[in-house]
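My structure is below; once you've seen it, I'll send some questions.
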Amino acid sequence: MSSKAKGTRDALKIIDKLFFEGHPERIAALQVEILNAHVAHEVYHLRTNAGLTQRRLAEKVGTTASVICRLEDADYDGHSLSMLQRIAFALGQRVEVKFKPLPRKYRRPQRPS
């Protein structure tokens, strides 16, 4: 038997080790992108479930259809809490913000006080 550790063929584990392990700035950027995609999906999902076009939602919110279009784009990073609250209210919803800890291996070391 070899004393070498057995490698993995799991692509996600390989990517995690190569690109994210030891790079908290990359992890932070990834988390921002995940959040942007999630918000875009939620706005789209809520709007379509309500049977509204982008134009009609924009009218209810007091903005333009192009603003709604941008908010539904996963690459858009200008989501404001106030706009999300306006959309939520127009759709009979509310916005919740939660802070959740990162997995231990992605946390920055704590500085001594």
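Taken together, the values in this text are just the output of simple stated rules run on the coordinates, not laboratory data. On a predicted model such as this, the values are computed, not experimentally measured, just so you know. So basically every Cβ, Gly included, is an ideal-geometry build from the backbone, and we count neighbours across all protein chains shown.
Among the residues of region 24-52 satisfying the criterion of being more than 13 Å from Leu91 (Cβ to Cβ) and of a type in the set (Val, Ile, Thr), which is farthest from the chain's Cα centre (by Cα)?
Among residues in region 24-52 that are more than 13 Å from Leu91 (Cβ to Cβ) and of a type in the set (Val, Ile, Thr), the one farthest from the chain's Cα centre (by Cα) is Ile27.
To continue, here is another question. Could you look through region 53-103, keep only residues that are under 29 Å from Ile27 (Cα atoms) and of a type in the set (Ser, Thr, Tyr), and pick out the one that is farthest from the chain's Cα centre (by Cα)?
Per the stated criteria, the residue is Ser82.
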